[in-house]
Amino acid sequence: MEPLGRGVVAVRSSQTDVLVSWRLLGLDPQGIGFNVYRSTDGGSWARLNNQVLTGGTNYTDSTADLSRNNSYRVAPVTGGQEQAPSRAFTLTANHAVEPVVRVPMRNGAPVKFVWAGDLDGDGEYDYVVDRQTAPQRLEAYRSDGQFLWQVDMGHNSTNQNNIEGGSSTINVGHNDGVTVYDLDSDGRAEVALRIANGVTFGNGATFSHTNDNHQFIAILDGRTGALRASAQVPTDYLSDGPMYARFGVGHLNGTTPSLVAYMKNRIGNGGFNLMMTAWNFDGSNVSMQWKWLRGNQNAPDGHNTRIIDVDGDGKDEIAEVGFVLNGDGTLRYSLGNQGIVHGDRFHIADMDPGRPGLEGYAVQQNNPSGLREFYYDASNGQILWQHFGSGTADVGRGMAGDIDPRFPGMEVWSFSGLYNAPSNRLTEPDTGLQPWPQLGLWWDGDVTMELLNDGKIEKWDPQNPTPTNRVPRLVSTWHYGAVTAAQGGPTLVGDLFGDWREEAVYTNADFNELIVFTTDRPTNTRLYTLAHNPAYRNAMTLKGYMQSHHVDYFLGAGMSTPSRPAITY
């Protein structure tokens with residue numbers, strides 16, 4: 001996995017205070033401590049803490065002159081010896097009191113999605129953004145907003161708002177055809193892109209092919225946007241037109257990253273062809289590892305994909321709402337033969353810390369049995385409980401996370417009430433007061449999950465004696481100039497910098513700035529960066545209907561300290 005830096009960030013949390021936070025890395029030695037340093041207006045570095053910090057990886061500075069520029073860096077301490085300091089982060093003079101890092105961009109069209117990856121190899125995440133123009137564009141920026149390159153998707157990037165777009169259209173609805181990851185493990189992230197004839201890369205070269213409907217997997221240099229390698233997408237379903245794509249990354253053999261491509265097209269005005277492929281990029285060539293065609297198999301898919309090790313053998317599997325593929329492209333199990341049909345959203349996580357392995361929770365769209373939601377063993381597909389209603393219903397959203405510390409494990413909910421997942425206990429009936437099942441993220445410093453809905457960061461408070469106050473608001477993103485993206489939410493959620501709490505990325509109304517929301521609240525909880533957890537980092541590469549990411553251990557009230565991740569940098 002990526003050799004990340006410390007990701008130091010500083011935000012002004014009050015008129016007098018600055019919260020500085022940084023990463024604990026996945027392979028940091030046990031007992032590592034930190035010293036925090038500040039430099040004012042480029043002056044000498046002064047240590048702020050009296051004793052080495054061994055708790056939460058954040059520090060509140062209440063002594064800075066905030067009318068001046070203040071830079072912060074941290075130095076690890078191991079075995080009593082201070083190590084080399086991190087890169088610095090500068091909080092500008094008279095900075096606004098806001099839980100935000102602002103990243104400038106060029107003027108341009110609306111942004112639907114943002115992808116994060118270390119494009120330049122400095123250990124910090126950079127940004128790739130789409131522009132919803134016609135033709136479409138991709139742009140890349142360093143973490144500080146320095147523009148790197150642009151890709152013009154060409155004359156075949158049309159109809160992005162239709163079920164099927166052009167052969168080089170990205171972000172067709174919820175399907176992206178883009179992801180960012182270090183696929184050849186050289187320390188710099190590549191950009192994987194589904195292309196066709198007429199795409200112009202970041203170095204000005206144009207991709208040419210005689211057939212506009214033929215599509216290709218392209219691997220771009222993250223620093224320049226130049227094409228490094230390409231390979232043709234299989235043409236099994238070409239007679240039904242171009243295929244739209246959803247991209248993600250996983251370690252299917254347990255060692256090296258693979259690009260996973262979910263690709264569909266429509267059969268006339270009816271059902272859909274589905275092809276799943278995995279690809280390897282070795283630094284010179286991109287080659288297909290395997291291909292899986294759904295054909296007539298009863299394997300229901302949905303609107304998000306998860307790439308996660310469901311059986312704990314160190315190798316990732318590829319999960320859809322109704323089936324799972326092994327890392328070699330063979331079908332592990334299908335839930336179709338248990339009455340599961342298409343559903344919009346599902347989650348896989350350690351929802352029950354008292355039960356070995358991972359669990360899944362999913363919702364259903366118009367299941368003829370009346371099935372609304374179900375909970376299952378993610379390794380073998382055994383359904384553990386189900387909830388039915390009268391008639392069919394399109395259950396459009398479902399969420400999973402530990403939001404009620406009174407009950408062990410996670411809660412799950414759609415529109416049939418809030419349930420404790422391990423016990424199937426109804427903890428809040430469907431009275432209209434339950435939290436909305438949109439997105440979750442870790443924000444405020446405790447280990448239960450907060451909620452991100454319609455531009456609001458909120459917290460479920462089940463014991464509030466006033467029922468209408470059970471979802472108090474922590475942040476209103478529009479107060480800081482943020483606008484929701486085309487899909488109705490942020491452009492990206494992930495642990496991008498600072499400690500283990502998550503960031504949510506929006507744009508401003510002029511689309512010339514990324515507004516990255518990052519917590520301004522201290523915490524004593526000490527966890528390694530979520531981006532060094534394999535399940536979580538895989539999830540950061542995937543879009544679909546915007547969904548919360550999960551780690552592969554239980555993160556919630558009463559949790560145990562997670563074990564060291566089985567990774568190397």
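Quick note: the coordinates plus some simple rules give every number you see, no bench work behind them. Just so we're clear, the structure is a prediction, and the values are computed from it rather than from any experiment. Cβ coordinates were reconstructed from backbone atoms using ideal geometry, including for glycine residues, and neighbour counts include every protein chain displayed.
Across the range 54-156, the relative contact order, built from alpha-carbon pairs under 8 Å that are at least six residues apart, equals 16 percent. Averaging the Cα positions of each part gives two centres, and for the range 344-398 and the range 502-562 these lie 23 Å apart.
What's the ranking of 531-538, 25-32, 465-472 by average number of surrounding C-beta atoms within 10 Å, highest first?
Numbers: 531-538: 24.5, 25-32: 15.2, 465-472: 11.0.
Highest-to-lowest ranking by the protection proxy: 531-538, 25-32, 465-472.
Applying a threshold of 30 Å to the alpha-carbon distances of LYS291/LYS543; LYS112/LYS459; LYS315/LYS459; LYS264/LYS456 flags LYS315/LYS459; LYS264/LYS456 as lying beyond it.
Per residue, the average separation of C-alpha pairs within less than 8 Å and at least 6 apart gives the range 396-464 a relative contact order of 25 percent.
Okay, helix-only estimate at 222 nm for the chain: each DSSP H run of n ≥ 4 adds -39500 (n - 2.57), divide by all residues, round to 500 deg cm²/dmol; what do you get? It would help to have the intermediate numbers written out before the result.
Working: 1 runs with 7 residues, N = 569.
After summing the helix terms and dividing by residue count, I get -500 deg cm²/dmol.
(i) 27.9; (ii) 38.8; (iii) 25.0: which one is mean projected area of the Cα convex hull in nm² as calculated from this entry? Only one listed value fits the structure, namely (iii).
Relative contact order of the chain, taken over Cα pairs closer than 8 Å and 6 or more residues apart, is 14 percent. Computed from the Cβ-Cβ distance with R0 of 45 Å, the FRET efficiency linking ASP144 to ASP430 stands at 0.45. Over all orientations, the range 462-562 has a Cα convex hull whose mean projected area works out to 8.4 square nanometres. Put the Cα centre of the range 162-222 next to the Cα centre of the range 267-308 and the gap is 16 Å.
Going by average Cβ neighbours within 10 Å, how do the peptides 410-422, 295-307 rank, with the highest at the top? Before the final figure, lay out each step's value.
Details: 410-422: 23.9, 295-307: 19.7.
The packing order, highest mean first, is 410-422, 295-307.
Rounded, prolate or oblate: pick one for the range 229-364, where a ≥ b ≥ c are the square roots of the eigenvalues of its C-alpha gyration tensor, a/c under 1.5 means rounded, and failing that, prolate if a/b is larger than b/c, else oblate. Write out the running numbers ahead of the final one.
Numbers: a/c = 2.28, a/b = 1.14, b/c = 1.99.
Verdict is oblate for the range 229-364.
Put a plus charge on the Cβ of each Lys and Arg, a minus charge on the Cβ of each Asp and Glu, and nothing anywhere else: the dipole of the range 94-207 about its Cα centre is then about 540 debye. Taking Cα centre as origin and charging only the Cβ of basic (Lys, Arg, +1) and acidic (Asp, Glu, -1) residues, the dipole magnitude of the chain rounds to 400 debye.
Local charge for THR60 was computed over the other residues whose Cβ lies under 14 Å away, with Lys and Arg +1 and Asp and Glu -1, and equals -1. The Cα atoms of the range 361-420 give a gyration tensor whose axes a ≥ b ≥ c have a/c of 1.5 or more with a/b no greater than b/c, which makes the shape oblate. Dipole of the range 156-250 computed with +1 at Lys/Arg Cβ and -1 at Asp/Glu Cβ about the Cα centre; of MET243, GLY222, VAL172, farthest Cα towards the positive end is GLY222.
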